[in-house]
Amino acid sequence: MKCYIHPEADSTGTCVRCGRPVCSECAASIDGNIVCRQCSQAPVTGTIAYGTAPATKKDPVVALLLSLIGGLVSGLLIGLGQIYNGQVKKGLILIFGNLILGGVLVAGYVLISIFTLGVGAFCCLPILFIPLISWIYAVYDAYTTAERINRGEVVEDWFE
């Protein structure tokens, strides 16, 4: 994303009041939040700068719950929190990656159980907890990303 005043400069954040991307030269900090020059000089009245859209706030708890419930209900939809945060590519990669990983692990577990007459099933049981690690990552990432969005930080999607 580029700064709205300096199109040649990369933005370092997004104004939490008006939603415009700002570079380090244009950014100001008010109460730990990033704001643009125009919004930092305007009195705090609950209004925003003319001609701009308000920044979309993301509720970190909603992002966390979407990933948590999506993973609990189906074990597959672990990327719902990322999609809620606007990181659609990351969410879809997590969902399909977990689907593939889970399928491969279950198929491997079944094959090992068949070929070892059940003995291998006991020693390989911890392998089935690997998708749990990706689920925990997705829940943590959804929550922290929503908090970063609310602070006005630039949050990139994967492969952008």
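Couple of notes before you dig in:
- Tensor-based shape of segment 88-141 (alpha-carbon gyration tensor, a/c under 1.5 rounded, otherwise prolate or oblate): oblate
- The HN-Hα couplings worked out from phi for segment 24-33 by the Karplus form 6.51 cos²θ - 1.76 cosθ + 1.60 (θ = phi - 60°) are 5, 6, 8, 7, 10, 10, 10, 6, x, 10 Hz, whole numbers, x standing for Gly and Pro.
- Scanning residues 5 or more positions from Lys2 or on other chains, those with amide H under 5 Å from its amide H are Ser11, with H placed 1.01 Å from N in the peptide plane.
- Amide H contacts of Ile34 (H built 1.01 Å from N, under 5 Å, at least 5 apart or other chain): Val16
- Comparing Ala107, Ala28, Ala138 in a Gaussian network model of the chain (Cα springs below 10 Å), the most mobile by mean-square fluctuation is Ala107.
- Between helix 60-74 and the chain: long-axis angle, C-alpha atoms, 0 to 90°, nearest 10: 20 degrees
- Added length on full extension, which subtracts the Cα-Cα distance from 0.36 nm per residue, Leu72 to Asn150: 25.4 nm
- Linear extension gain, Ile93 paired with Phe129, 0.36 nm per residue minus alpha-carbon span: 11.0 nm
- Distance in nm between pseudo-label sites at Ala9 and Leu105 (7 Å out along the Cβ direction from Cα): 4.6 nm
- With R₀ fixed at 41 Å, the C-beta to C-beta distance from Ser113 to Lys57 puts the FRET efficiency at about 0.25.
- Working from the Cα coordinates of the chain, the gyration tensor eigenvalues give, after taking √(5λ), semi-axes of 45, 14, 11 Å in decreasing order.
- Computed from backbone phi, the HN-Hα couplings of segment 103-119 come to x, 5, 5, 5, 4, x, 4, 5, 4, 4, 4, 5, 6, 9, 6, x, 5 Hz, rounded to whole numbers (Karplus: 6.51 cos²θ - 1.76 cosθ + 1.60, θ = phi - 60°; Gly and Pro given as x).
- Among Ile78, Ile69, Ile114, the residue with the largest mean-square fluctuation in a Gaussian network model of the chain, with springs joining Cα atoms closer than 10 Å, is Ile114.
- Loop exposure criterion: trypsin sites (Lys or Arg not before Pro), DSSP state outside H, G, I, E and B, at most 15 other Cβ atoms within 10 Å. Applied to the chain, the longest stretch between such sites is 58-150.
A short reminder: the numbers here are calculations on the coordinates, not readings from a lab. Here the structure is a predicted model, which means the values were calculated and not measured. FYI the Cβ positions are ideal-geometry reconstructions off the backbone, even for glycines, and counts take in every protein chain you see.
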